[in-house]
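Trainee: If you scroll down you'll find the structure; I have some questions about it.
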Amino acid sequence: MRLSVILATYNRPHYLRLSLSALLDQGGAGDYEGGVADDGSREDTRTVVEELAAGAEAPVSHAWHEDRGFRLAAIRNLAVTKATGDYLIFMDDDCVAPSSFLRRFRSLIRDGEVVAGERVNLSEAFTREVVEGSISLGRL
């Protein structure tokens, strides 16, 4: 079973770099793909996606549309049209998946059921240190 993980983003390339890197470090590259649902970000976001996709074992798609205000649902829908997985997982660019995320997700899948999860919110100060690189999340 192939998983498609779609990360929603808007002008936060520093967050996207962390979240997409963690996603692409899951192992089992043939079993999943990453997708970025970009709600009209500047060019620096595209650069992050291209840099990480170039060195990734798993494929990464980038859905983008012009910035005409908040249109998250529309860009997620466009990202879904690019996805090839049997299951879709939706995340935001400020979520960093632990290294066991996809393995755990697979263990929860049952026909006819929806899997939902929660995230752990970190303090603003801790998040800033991670984004600036002074704290490493290592292998979560």
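The values are calculated or read from the model by the stated rules, or taken from the named source; none is laboratory data. Quantities reported herein were computed from a predicted structural model and do not represent experimental measurements. Cβ coordinates were reconstructed from backbone atoms using ideal geometry, including for glycine residues, and neighbour counts include every protein chain displayed. The accessibility values were calculated without ligands, DNA or RNA, using every heavy atom of the protein model including side chains. Shrake-Rupley method; radii C 1.70, N 1.55, O 1.52, S 1.80 Å.
Trainee: How far, in nm, would the chain grow between residue 129 and residue 90 when pulled straight, counting 0.36 nm per residue and subtracting the alpha carbon separation? Before the final figure, lay out each step's value.
Mentor: Working: separation 39, 0.36 × 39 = 14.04 nm, distance 2.54 nm.
Taking 0.36 nm per residue and subtracting the Cα distance, the gain is 11.5 nm.
Trainee: Sequence gap at least 6, Cα distance under 8 Å: using those rules, report the relative contact order of segment 47-140 to the nearest whole percent.
Mentor: On the way: 28 pairs, mean separation 18.5, N = 94.
Reported as a whole number, the value is 20 percent.
Trainee: If you take the square roots of the eigenvalues of the alpha-carbon gyration tensor of segment 39-108 and sort them as a ≥ b ≥ c, do you get rounded (a/c under 1.5), prolate (a/b over b/c) or oblate?
Mentor: Values: a/c = 1.87, a/b = 1.42, b/c = 1.31.
Verdict is prolate for segment 39-108.
Trainee: Here is a further query. Can you tell me what share of the DSSP beta bridges in the chain is antiparallel? A percent to the nearest 5 is fine. Walk me through the intermediate numbers first.
Mentor: Values: 0 of 18 bridges.
Here the antiparallel bridges make up roughly 0 percent for the chain.
Trainee: How much length, in nm to one decimal, is gained on full extension between residue 73 and residue 50, taken as 0.36 nm per residue of separation minus their Cα-Cα distance? Walk me through the numbers before you get to the answer.
Mentor: On the way: separation 23, 0.36 × 23 = 8.28 nm, distance 2.30 nm.
Gain in length upon complete extension: 6.0 nm.
Trainee: Still on this structure, please answer the following. Summing +1 for each Lys or Arg and -1 for each Asp or Glu, what net charge is found among the other residues whose Cβ lies under 11 Å from the Cβ of residue 2?
Mentor: Values: positive: 106; negative: 31, 33, 86.
Net of charged neighbours comes to -2.
Trainee: How many angstrom separate the Cα center of segment 85-119 from the Cα center of segment 1-72?
Mentor: Result: 16 Å between the Cα centres.
Trainee: Okay, next question. Per the 1.4 Å probe, what fraction of the accessible area of the chain, in percent, lies on carbon and sulfur atoms? Please list the in-between numbers first.
Mentor: On the way: 4110 of 8160 Å².
Of all accessible area on the chain, carbon and sulfur atoms account for 50 percent.
Trainee: Then there's this: Please work out the FRET efficiency for the pair residue 11 and residue 111, using the Cβ-Cβ distance as r and a Förster radius of 35 Å; give the result to the nearest 0.05. List each step's numbers first, then the result.
Mentor: Details: r = 39 Å, r/R0 = 1.10.
Efficiency computed from Cβ-Cβ geometry: 0.35.
Trainee: Of 5, 21, 40, which is farthest along the charge dipole of segment 1-63 in the positive direction, counting Lys and Arg as +1 and Asp and Glu as -1 at C-beta?
Mentor: With unit charges placed on the Cβ atoms, the residue in question is 40.
Trainee: So for the chain, considering every pair of alpha-carbon atoms, how many percent are separated by more than 21 Å? Could you put the intermediate results ahead of the total?
Mentor: Numbers: 3965 of 9730 pairs.
Summing the P(r) tail past 21 Å for the chain gives 41 percent.
Trainee: Report, in debye and to the nearest 20, how large the dipole of the chain comes out about its Cα centre when Lys and Arg carry +1 and Asp and Glu carry -1 on their Cβ. Present the calculation step by step, with values, prior to reporting the outcome.
Mentor: Values: 16 positive and 22 negative charges, 62 e Å.
The dipole magnitude comes to about 300 debye.
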